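First comes the structure, then the notes that go with it.
A short reminder: the numbers here are calculations on the coordinates, not readings from a lab. Note that the structure is a prediction, hence the values are computed from the model and not measured. Cβ placement follows ideal geometry from the backbone for every residue including glycine, while neighbour counts extend to all protein chains displayed.
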Amino acid sequence: MQDKFEIGQIVNTFGIKGEVKVNPYTDDINQFKKTKIIYIKNKAVEVESAKFHKNFVILKIKGIDTINDAEMLRNEMISVTRSNKKLPQNTYYIADLIGLKVYSEENNEYIGKVKDIYNTGANDIYVVENEESKEILLPAIKEVIKKVDLENNKIIVHILKGLI
């Protein structure tokens, strides 16, 4: 399993005291306030403060005290380690779901592998590629996704009428 996850990208500076503006990649932006250690360029750095402005996170990073320091971080990715983030029950990292085998609940028929996941706002969409390279789109709702079994590398789904 992947140990580090990207949670955002520094897109600009903010003010003149070394703060940076971050485009968050996570659905829980409050994790920026809870996380004290982040990784930039694979180097651990300490978060002094986090606040929100419009759709962005404004971070103050220890040791980054001027606009020039902050400018050097523009376009850099921000990562956290798996141990920094405890997920709620029935919530998974996208990186852990990619590549899982998908089987139907009804007859344990192999449907394909998770190729990608899209976030639509209402719910995620799992893109499952079958053996003929055809993509099947499955909504990540409890009526469809019945069981995610990371240990056995599989997902059990209920195929609603009209999905395939």
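Taking the simple approach of a point 7 Å from Cα along Cα-to-Cβ for both Ile94 and Asn55, what is their distance in nm?
1.5
Given a cut-off of under 8 Å on Cα pairs at least six residues apart, what relative contact order in percent is computed for region 4-84?
Details: 173 pairs, mean separation 35.5, N = 81.
Computed over region 4-84, the figure is 44 percent.
Just how large is the dipole of region 94-157 about the Cα centre, in debye to the nearest 20, putting +1 at every Lys and Arg Cβ and -1 at every Asp and Glu Cβ? Numbers along the way, then the final one.
Numbers: 8 positive and 13 negative charges, 23 e Å.
With only Lys, Arg, Asp and Glu charged at Cβ, the dipole is about 100 debye.
Given the pairs Lys113/Lys142; Lys21/Lys113; Lys51/Lys115; Lys17/Lys41, which are separated by over 29 angstrom at their Cα positions?
Details: Lys113/Lys142 19 Å; Lys21/Lys113 36 Å; Lys51/Lys115 34 Å; Lys17/Lys41 21 Å.
Pairs exceeding 29 Å: Lys21/Lys113; Lys51/Lys115.
Once R0 is set to 25 Å, what does the formula 1/(1 + (r/R0)^6) return for the Cβ-Cβ distance between Glu76 and Ile125, expressed as a FRET efficiency to the nearest 0.05? Mind dumping the intermediate values first?
On the way: r = 29 Å, r/R0 = 1.16.
Once rounded, the FRET efficiency stands at 0.30.
Could you list which residues have their amide H under 5 Å from that of Gly8, counting only those 5 or more apart in sequence or on another chain, with H placed in the peptide plane?
Sorted by chain and number, the residues that satisfy this are Tyr25, Ile78.
Ignoring everything except DSSP H segments at least 4 long, calculate the 222 nm mean residue ellipticity for the chain; use -39,500 (n - 2.57) per segment, divide by total residues, nearest 500. Provide the component values of the computation, followed by the final result.
Values: 3 runs with 13 residues, N = 164.
The per-residue figure over the chain is -1500 deg cm²/dmol.
Of all the C-alpha pairs in the chain, what % are more than 27 Å from each other? Please report the intermediate quantities before stating the final value.
Values: 5123 of 13366 pairs.
Counting pairs separated by more than 27 Å, the tail of P(r) holds 38 percent.
Per residue and in Å³, how big is the convex hull formed by the alpha-carbon atoms of region 94-157?
Numbers: hull volume 4.9 nm³, N = 64.
In region 94-157, the Cα convex hull volume per residue is 76 Å³.
Read phi for every residue in region 2-7 and hand back ³J(HN,Hα) as whole Hz from Karplus 6.51 cos²θ - 1.76 cosθ + 1.60, θ = phi - 60°, with x for Gly and Pro.
5, 8, 10, 10, 6, 10
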